[in-house]
Structure formats: C-alpha cells, structure tokens
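Structure first, commentary second.
The values are calculated or read from the model by the stated rules, or taken from the named source; none is laboratory data. Keep in mind that what you see is a predicted model, and the values were worked out from it rather than measured. No Cβ is skipped: glycine too gets one built from the backbone with ideal geometry, and neighbour counts run over all protein chains shown.
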Amino acid sequence: EVAPNRVRVSGVRGRPATGSYKVTATFPDGFTGHFTFAVVGPGALFKARAIAQSLVRRANKTLAALGQPPYRATRIEYAGAREFSVNGGDASANADEVVVRISAHHAHPKMPLVIAANIPSASTGMAPGLFALTTARPSPSEAVALRSSTVPASAVPSSVCVGAGATAALQPVDAGLIPPAPASALQLSPPDAPMSPEQRA
C-alpha cells in the first residue's frame, strides 16, 4: 500500500488486447441416434464386438444402396461387469454379459434408424445371445455443434452507460478498445459522501 486505498502492483506479465473478440456459436449439425442391446453367454465381448461392427458395416452398405453418404461418425461402447470400453478395447474380456451402445451421426434424420432396423435380424442371424433391452425404437435427435472463433472488434458495436448519464461508444482499434469519453462527458453524479474505512470493510 503506497497511500490510503492505493496499492502498487509490480512484476505482472501479460499481453495487450488483440483487437478481436472470442465468440462461440452453436448450430444444427445433422442427427444422432443411440441404440442399445445386450449380449450374454461365454465370450460375450467377442460376440458383442462382432455384432456391433457388422451392424455398422451393413448399415453403411444400405446407405450406399439408398444413394446416401456413409455415417459421419459412429461410436460403439461396451459395458460389462465392472468394466467399460469404447470401440472394443480389452475391457470385460471375461464378462459373460455385455451391454452394447451404438451411436451414429448422419445429415438425414432417418438414416441412423438403419442400424436399429437391423438389430432384430441380428438376434436370429448373427452370434447367439443377443437380446433387446427395450421394445421401442428410439428416435434420432438433432445434433448441435459448437464452434469457437474470433471476430474483429470493429464488427461488434460496444457502448457503456453509467446510471442515467449519457451513453459513450467504445471505438475499437487494432490493439483493443479506446476508452470511453471522460467522466464529465458521461454526466456522472458524485456519491453523496465518501465511504469510511469501516463501510469499505
């Protein structure tokens, strides 16, 4: 403290303002469906991995036959006894019950359902031990993407208004913002009385 209510700060390092603002935007980005089933019996993880990967391959072939592009992204999760893995890792290698969750992302709202449509036939024509966890077919939901970027400060009007006084515009420059007009131009009203140290505490 160099004077009452004044302190001196030294050794601070930083960078000047860049003249741009960081912005974050969200926007619709296709549709995602999540489909779940279970596999039981010896070698459950091995069978679950084979079934899930086959379902994705078969669905992509169906999309091609329909003139649709392949899935933008797919994710396969395996949850077994005390274990969890993504895309078929070594988790639950000895589990005799594995729950599989397949997520698929596509621009068309109905295309993720191609995977779900093949699950019933997989229960009779693929590895034994598959059974559905629900009777309903979940509907795909709209996916929301997030992107962060910067925009020039000159593209974003900025102003400051204190109390009932005039509004002062902030003028952007290359290295940040020019401070607003002096306090007199803002028509600021002084406080009724300065605060005592006890009030500040």
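For the reader, a short list of remarks on this structure follows.
- Subset of the range 1-34 that is at pLDDT 85 or above and β-branched (Val, Ile, Thr) - its residue that is surrounded by the most Cβ atoms within 10 Å (Cβ to Cβ): Thr32
- Some residue of the range 42-55 being at pLDDT 90 or above and of a type outside the set (A, V, I, L, M): yes
- Consider the range 1-34 and keep the residues that are among the charged types (D, E, K, R) and part of a strand (DSSP E or B). The one that is nearest to the chain's Cα centre (by Cα) is Asp29.
- Annotation: of all residues in the range 46-83 being free of Cβ contacts under 8 Å to residues at least 24 places away in the same chain and charged (D, E, K, R), the one that is farthest from Asp96 (Cα to Cα) is Lys61.
- Unique match (being surrounded by 14 or more Cβ atoms within 10 Å (Cβ to Cβ), in contact (Cβ under 8 Å) with a residue 24 or more places away in the chain and within 26 Å of the chain's Cα centre (by Cα)) among Ala127, Ala122, Ala132, Ala143: Ala143
- Residues that are over 23 Å from Ala64 (Cα atoms) and of a type in the set (Ser, Thr, Tyr) were ranked within the range 109-141; the one that is modelled with the lowest pLDDT is Thr135.
- Subset of the range 35-64 [surrounded by fewer than 20 Cβ atoms within 10 Å (Cβ to Cβ) and in a strand (DSSP E or B)]: Thr36, Ala38, Val40
- For the range 65-86, the criterion of being surrounded by 19 or more Cβ atoms within 10 Å (Cβ to Cβ), outside any loop (DSSP other than H, G, I, E, B) and modelled with pLDDT under 85 is met by at least one residue.
- The condition of being in contact with a Lys or Arg (Cβ under 8 Å, 6 or more places away or on another chain), free of Cβ contacts under 8 Å to residues at least 40 places away in the same chain and over 30 Å from Glu142 (Cβ atoms) holds for Val2.
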